[in-house]
1. Might you check whether a residue that is within 16 Å of ligand 2 (Cβ to nearest atom) and either farther than 25 Å from ARG14 by Cβ or within 14 Å of the chain's Cα centre (by Cα) (or both) occurs anywhere in the stretch 191-209?
2. Quick check on my filter: what residues within the stretch 51-86 are over 17 Å from the mean Cα position of the chain (by Cα), within 16 Å of ligand 1 (Cβ to nearest atom) and within 16 Å of ILE11 (Cβ to Cβ)?
3. Working only within the stretch 209-226, note down all residues that are touching a residue at least 40 places away in the same chain (Cβ under 8 Å) and open to solvent by 70 Å² or more (accessible area, probe 1.4 Å).
4. Please verify whether the stretch 32-39 includes one or more residues that are free of Cβ contacts under 8 Å to residues at least 40 places away in the same chain and not assigned by TED's automatic domain parsing to the domain that holds ILE237.
5. Return the total of residues in the stretch 1-31 being in the same structural domain as LYS207 (by TED's automatic domain parsing) and of a type in the set (S, T, N, Q).
6. Having 1 or more residues that are within 16 Å of ligand 2 (Cβ to nearest atom), modelled with pLDDT under 95 and open to solvent by less than 50 Å² (accessible area, probe 1.4 Å) is the bar; report the strands (runs of 3 or more DSSP E) wholly within the stretch 14-108 that clear it.
7. Based on what the data block shows, is GLY334 assigned to a loop (DSSP other than H, G, I, E, B), under 30 Å from PRO263 (Cβ atoms) and modelled with pLDDT under 90?
8. Looking only at the stretch 40-50, filter to residues that are among the small types (Gly, Ala, Ser) and touching a helix residue (DSSP H, G or I) at 6+ places or on another chain (Cβ under 7 Å); which one of those is nearest to ligand 1 (Cβ to nearest atom)?
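The values are calculated or read from the model by the stated rules, or taken from the named source; none is laboratory data. Predicted model, so just to flag it, every value in this text is computed and none were measured. Ideal geometry is used to build each Cβ from the backbone, glycine not excepted, and the neighbour counts take in all protein chains shown. Surface areas here come from the heavy atoms of the whole protein model, side chains and all, with no ligands, DNA or RNA. Shrake-Rupley method; radii C 1.70, N 1.55, O 1.52, S 1.80 Å.
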Amino acid sequence: MNEQTRHLPLIEVRELTVRLCSGHVVVDRVSFEINRGECLSLVGESGCGKTLCALSLLKAVPREVGQISAASIRLEGRELTVLSDKKMRPVRGGCISMIFQDPTAAVNPLFTVGSQIVETIRAHMRVSRKEAAERARSALVDAGLTETRRIFGSYPHQLSVGQCQRATIALALATEPLLLIADEPTTALDVTVQRQILDLLKRLRSKRRMALLLITHNLSVVAQLADRVLIMYAGHIVESAPAGKIFTAAAHPYTRALLDCLPSVEIRREEPHTIPGSVPQPGGWPSGCRFLPRCEFTEPGCENEQFLAPVEQDSSHTARCRLAGILFGKAHTGQGV
Ligand SMILES: Nc1ncnc2c1ncn2[C@@H]1O[C@H](COP(=O)(O)OP(=O)(O)O)[C@@H](O)[C@H]1O
Ligand SMILES: [Mg+2]
């Protein structure tokens, strides 16, 4: 970081669109920024476009899946959209690292954990093999692993899923990234390990002062970690707000519906609550508001594209709903407005 980039967001995305090879748009003109050291959470049900949005920051959407276009994607002010694949290499896994839901997919089964971390470090940093091994061990310790000597020499299949997710976190941290993207990092883990991994991410963030883009379909994960939240539905960011406001003053009916799915102490439920209906398939989006078929607050006119512009409560809180003006500031009771 130098004087000129200090005041800029760490990453700034403008009008990002991902179009699948089928021609369908799945991420639709999305804009956001992440500040240094900040935890931004991207939330939405499965199929909303979260993973493709994250992969786009690394320009890592496979060609056979689709194509990205963006007015700009800037990392510390540097435009990434114009960079060649070769010039993107130090960014991927260097400045920006990513961990996934399935930790076993992120590691190579044929190499030991230690050798994979050492190779990653040597691909991104000019250090001797000995120093890389030291850094790898310290990343394993930072990822909360004990018996690091054994784990260093283990193959992925010799680890538990929880250990394996910690090892992928060590792998992601070893290059000292400015931004860690965690895509549903706890979804595949049982509840106890989930809590441990979230605690770990929380600790690492303050220790390493790195930014975190935390992707999840679960708002209770957000409550534990996020500074700011983007709610995504069918390719759009439908609400953007500081985390506190998402829980106390959510303005988009989709955000409110997600909040209704959280387990509540007052309302005992037999089954976990889900939003009725499902996320529309790419190509099957309704005109106007995409949440309209599932929304409990509809009014004539919601099917009209012209009412889709984000409504601003203040500079930190916007919602893409024509009723947002009414819903802003109305406390969410968990049972409608
Ligand atoms: N490899 C792929 N091939 C075809 N369609 C895909 C592929 N990956 C994602 N999609 C489609 O793009 C949309 C967004 O996917 P994704 O970004 O994975 O959503 P999320 O992470 O929110 O679950 C989904 O409708 C999904 O079916
Ligand atoms: Mg995903």
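1. Going through the stretch 191-209, the residues within 16 Å of ligand 2 (Cβ to nearest atom) turn out to be none.
The answer is no, given that none of the residues of the stretch 191-209 is within 16 Å of ligand 2 (Cβ to nearest atom) and either farther than 25 Å from ARG14 by Cβ or within 14 Å of the chain's Cα centre (by Cα) (or both).
2. ILE68, ALA70
3. Of everything in the stretch 209-226, those that are touching a residue at least 40 places away in the same chain (Cβ under 8 Å) and open to solvent by 70 Å² or more (accessible area, probe 1.4 Å) turn out to be ARG209, HIS217.
4. First, the residues of the stretch 32-39 that are free of Cβ contacts under 8 Å to residues at least 40 places away in the same chain: 33.
Checking which are not assigned by TED's automatic domain parsing to the domain that holds ILE237 leaves us with 33.
Yes, because at least one residue in the stretch 32-39 is free of Cβ contacts under 8 Å to residues at least 40 places away in the same chain and not assigned by TED's automatic domain parsing to the domain that holds ILE237.
5. 3
6. Working: elements: 25-34, 39-43, 66-69, 72-75, 96-99.
Fully inside the stretch 14-108 and qualifying: 96-99.
7. Values: assigned to a loop (DSSP other than H, G, I, E, B): yes; under 30 Å from PRO263 (Cβ atoms): yes; modelled with pLDDT under 90: yes.
Yes, satisfied.
8. Quick first cut of the stretch 40-50, residues among the small types (Gly, Ala, Ser) only: 41, 44, 46-47, 49.
Then keep just the ones that are touching a helix residue (DSSP H, G or I) at 6+ places or on another chain (Cβ under 7 Å); that gives 41, 44.
Numbers: SER41: 13, GLY44: 6 Å.
Only one residue tops the list, namely GLY44.
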